[in-house]
Amino acid sequence: MNSVVTVNMENSVAVITIDNPPVNALSQPVREGLRQAISSAADDKDISAIVLRCAGRTFVAGADIKEFGKPPMQPHLPAVLNAVEASDKPVIVALHGNALGGGLELAMAGHYRVASARCKLGLPETNLGLIPGAGGTQRLPRLTGVELALDMITSARPISATKALEHGLVDEVVDSDDADEVLQAALAFASGAAWNDGPRRTRDIVVASPEDYQKIFEFWRTTTEKKARGQHAPQFAIDAIEHSLNLPFDEAIAKEREYFLECKASPQSRAMRHAFFAERSCSKVPGLDASISPQSVQHVGVIGAGTMGTGIAMCFASAGLQVTLLELSEDNLQRGLGLIRERYEQSRQRGRISESQMHANIALINGTQSYTDFADVDLVVEAAFESMQVKREIFAQLDSTCRPDTLLATNTSYLNINTIAEATAHPERVLGMHFFSPAHVMKLLEVVNGEQTSSRSLVTALNVAKRIGKIACAVGVCYGFVGNRMYSCYGREANALLLEGATPSDIDQAMQQWGMAMGPLAVTDMSGIDIGYKARREREDPPADPLFFRAADLMVENERLGQKTSAGFYDYDSGKKLDDKTAVQLLKREAGKLGIEARDISVEEIQQRLILALINEGARILEEGIAARASDIDVIWLNGYGFPRWRGGPMCYADELGLDQVVRQIDAIHAKADGAAKSYWRAADLLRDLAVSGDKLSEQ
Ligand code: T1G
């Protein structure tokens with residue numbers, strides 16, 4: 001055995017314990033320790049049965065993802081699991097916390113499984129652009145049947161211990177979450193695990209072939225193609241699962257391994273593994289003193305009962321924090337509280353929360369029209385009108401109403417935090433908490449660090465973000481911070497292309513084909529074209545470029561604000577998108593006035609112009625230190641703007657494309673550009689330097 005795998009005896013039962021914090025990942029030492037432990041137990045005649053368990057807060061959460069980018073090391077997991085399954089002594093696996101990926105595969109190689117009541121069991125490999133690579137596509141269908149296996153593996157969603165028991169994935173559920181109690185139950189099970197009819201090995205179970213299995217696989221292939229558009233791993237997984245029906249176990253395992261290795265070597269898996277770790281590093285701010293403890297936050301004040309304010313209030317209430325929602329107008333306050341109740345009722349109807357949870361969340365939110373009710377709040381999040389003057393007045397009021405240590409955050413999506421902080425006597429407790437709409441759904445939160453924001457304020461905001469289940473990125477102050485500043489460049493190019501001859505449909509289809517969740521013009525129609533129109537006119541430093549968002553301004557000038565006026569870049573009939581013909585006519589006429597000659601624009605040019613604009617601006621943001629890491633920029637785009645996860649984010653994609661190629665393409669656009677576009681398309685120095693040095697953005 002070794003430091004991460006130990007064995008102790010409980011009477012004649014060998015208890016193998018894996019202890020590899022934080023999640024008992026199946027690193028090489030764990031695999032080697034397991035192999036040795038199983039082998040020595042097999043040879044020991046005093047051992048009648050084996051219990052396999054984990055120390056710490058969870059059972060094995062998977063293979064060690066950190067090892068995937070390195071040369072594989074023996075023993076490989078499938079071989080270790082085959083040794084577990086081949087044991088002539090019953091192996092009972094005690095499960096608690098999460099049994100995921102290789103962890104569940106290990107459990108299924110065991111002969112019996114005993115799980116804690118709140119244990120989650122899943123094969124989430126497709127979240128990483130992979131498929132289960134250690135027998136999961138063969139053993140799961142044998143235990144649960146093909147259809148649940150298809151659902152679990154293609155969706156990557158774990159199931160509860162109760163559902164696992166119903167479907168034969170576990171043999172007993174212990175009404176406790178205490179790992180020791182689960183161990184005792186497994187020991188009791190081991191003492192009774194008589195193999196009257198010989199070992200019960202998962203591999204020997206014959207998969208029941210559903211009558212209309214061809215139709216079932218056809219359904220899963222087409223459904224998965226829609227849900228996981230452009231992703232290869234889920235389709236590979238379906239192929240592997242189908243082999244559980246039409247190939248002998250060992251041949252099917254060989255195919256699974258072949259598909260797994262192909263996925264592991266793919267750019268899609270590299271991108272999704274990058275995203276996994278990027279989301280876990282973005283809240284670790286370089287240089288921030290790790291010994292600083294966050295302030296206590298139990299009571300939150302939210303200002304503004306509009307779409308954002310009510311969503312923000314729900315984020316805190318759903319995490320069990322008390323909320324006081326301030327809205328000066330009685331009507332708006334009642335409307336906001338009603339909206340909150342409606343949204344929670346929707347969540348209850350969809351089974352996302354229980355009725356009691358819904359009532360508890362609603363009870364945590366109290367409305368007020370008076371600032372005096374903020375006298376004892378620990379944090380305020382302001383989500384009022386996007387006007388610097390309004391915000392400065394509010395923060396001055398908060399300064400005199402709240403305790404001096406109360407954290408004051410603004411939800412502004414682009415205004416200068418430093419200017420807002422200057423309205424208070426304690427700017428060290430002012431920062432930005434930029435939620436993304438709808439706030440109670442989107443996981444991304446930009447925590448904007450002002451010039452005078454204290455480290456403790458930043459630590460507290462990041463801690464609160466984690467408590468409310470957000471993926472928080474600490475960013476610096478500039479117009480639009482990181483996400484919206486880059487989105488402005490993306491939209492700028494879409495607008496320019498509209499005057500050069502591309503239609504809204506051309507652009508949106510090109511970007512959806514590239515992998516974006518929605519096209520930029522459909523997004524603008526949905527949120528309202530007038531929002532950007534007003535914001536551009538509020539800017540302290542608007543670009544001196546008459547063509548800057550000229551297409552969007554033209555729509556607003558023609559009172560075409562988007563879905564809310566049933567006309568924007570597209571025409572709508574009761575919310576349903578019709579076509580873009582009217583907008584195209586207006587754009588053609590405008591282009592004629594501007595002397596811009598229409599031309600045919602390829603899908604590739606549209607995709608290049610919009611994605612390279614993102615990359616170039618992201619590099620500038622890195623140069624200026626507005627984002628600490630390239631991967632933070634990726635996290636923002638993956639979680640706030642529908643960037644395809646299997647491309648890893650704009651900076652990850654640039655590294656994958658090759659920075660020399662990126663600079664070459666930007667230079668080519670620059671060469672053809674004129675007017676203000678010349679400055680837009682000057683390649684960022686960082687890109688040019690890295691293209692020469694051969695280093696990557698992800699190493700910055
Ligand atoms: N490998 C390596 N490190 C991991 C890890 C893993 N599988 N899972 C988590 N970590 C690290 C994570 O980076 C973080 O590190 C710390 O643990 C806490 O994680 C062969 C091929 C289990 C639900 O996809 O979903 O098995 O930041 O912040 O919120 O077929 O971690 O502290 O340095 O997420 O409590 C399949 C991935 C792998 C599960 C816990 N398994 N993990 O969530 O903590 S592929 C997965 C999670 C595989 C086999 C295939 C979550 C969690 P640090 P955390 P958490």
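Each value in this text was obtained by applying a stated rule to the coordinates, not by laboratory testing. Bear in mind the structure is a predicted one, so any value in this text is a computation, not a measurement. All Cβ positions, even for glycine, are placed from backbone atoms using ideal geometry, and neighbour counts span all protein chains on display.
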Estimated FRET transfer efficiency (residue 539, residue 70; beta-carbon r; R0 51 Å; 0.05):
0.60
Less than 22 Å apart at the alpha-carbon level, and either on another chain or at least 8 residues along: which lysines does that give for residue 226?
215, 576, 577
Taking every DSSP beta bridge that has both residues in the chain, what percent is antiparallel when rounded to the nearest 5?
25
Ordering of 459-465, 684-690, 95-101, 74-80 by burial proxy (mean other Cβ atoms within 10 Å per residue, highest first)
95-101, 459-465, 684-690, 74-80
For peptides 631-640, 446-455, 383-392, 418-427, sequence by mean Cβ density within 10 Å, most packed first
631-640, 446-455, 418-427, 383-392
MRE, 222 nm, helices only [DSSP H, n ≥ 4, -39500 (n - 2.57), over the chain, to nearest 500]:
-15000 deg cm²/dmol
Under 25 Å from residue 89, Cα to Cα: lysines that are on another chain or at least 8 residues apart
45
For Cα pairs less than 8 Å apart in space and 6+ apart in sequence, what is the mean separation divided by the residue count of the chain, i.e. the relative contact order in percent?
9
Provide, for q = 0.10, 0.11, 0.12 Å⁻¹, the log10 of I(q)/I(0) from a solvent-free Debye sum over equal Cα point scatterers in segment 5-264.
-0.45, -0.54, -0.65
For a quick protection proxy, order the peptides 539-547, 336-344 by their average other-Cβ count within 10 Å, most packed first.
336-344, 539-547
Using R₀ = 60 Å, calculate the FRET efficiency as 1/(1 + (r/R₀)^6) where r is the Cβ-Cβ separation of residue 261 and residue 559; round to 0.05.
0.55
List the residues whose amide H sits under 5 Å from the amide H of residue 301, counting only those 5 or more places along or on another chain, with H placed 1.01 Å from N in the peptide plane.
324, 378, 379, 380, 381
Segment 94-106 - phi-based ³J(HN,Hα) in whole Hz, Karplus 6.51/-1.76/1.60, Gly and Pro as x:
9, 10, 8, x, 10, 10, 10, x, x, x, 5, 4, 4
Karplus-derived 3J(HN,Hα), 6.51/-1.76/1.60, for each residue of segment 568-576, Hz, glycine and proline x:
x, 6, 10, 9, 10, 10, 6, x, 8
Shape metrics for segment 399-491, restricted to C-alpha atoms - Rg then Dmax, Å:
13.0, 41
Per residue of segment 672-679, in order, report the coupling 6.51 cos²θ - 1.76 cosθ + 1.60 (Karplus, θ = phi - 60°) as ³J(HN,Hα) in whole Hz, putting x for Gly and Pro.
8, 6, 9, x, 5, 4, 4, 6
For residue 363 and residue 289 in one chain, what is 0.36 nm times their gap in residues minus the Cα-Cα distance, to one decimal in nm?
23.0 nm
Test of understanding: what is the full-extension gain from residue 667 to residue 581, defined as 0.36 nm times their sequence separation minus their Cα-Cα distance?
27.6 nm
Sequence-distant or interchain residues sharing an amide H contact under 5 Å with residue 95, placed H: which?
114, 115, 116
Please list log₁₀ I(q)/I(0) at q = 0.11, 0.16, 0.20 Å⁻¹ for segment 299-475, using the Debye equation with identical point scatterers on the alpha-carbon positions.
-0.41, -0.88, -1.39
With the cut-off at 20 Å, tell me which of the pairs 66/264; 66/255; 66/284; 284/443; 443/466; 70/696 have Cα atoms farther apart than that.
66/255
Which residue, chosen from 413, 153, 542, occupies the Cα position most advanced towards the positive end of the dipole of the chain, where the dipole is computed from +1 (Lys, Arg) and -1 (Asp, Glu) charges on Cβ about the Cα centre?
542
Expected output is a single nm value to one decimal: the length gained when fully extending between residue 479 and residue 208, i.e. 0.36 nm times separation in residues minus the C-alpha distance. What is it?
91.6 nm
Under 5 Å, built H, 5+ apart or other chain: amide partners of residue 567:
561, 562, 572
Inverse mean reciprocal Cα-Cα distance (Kirkwood Rh) of the chain, Å
28.0
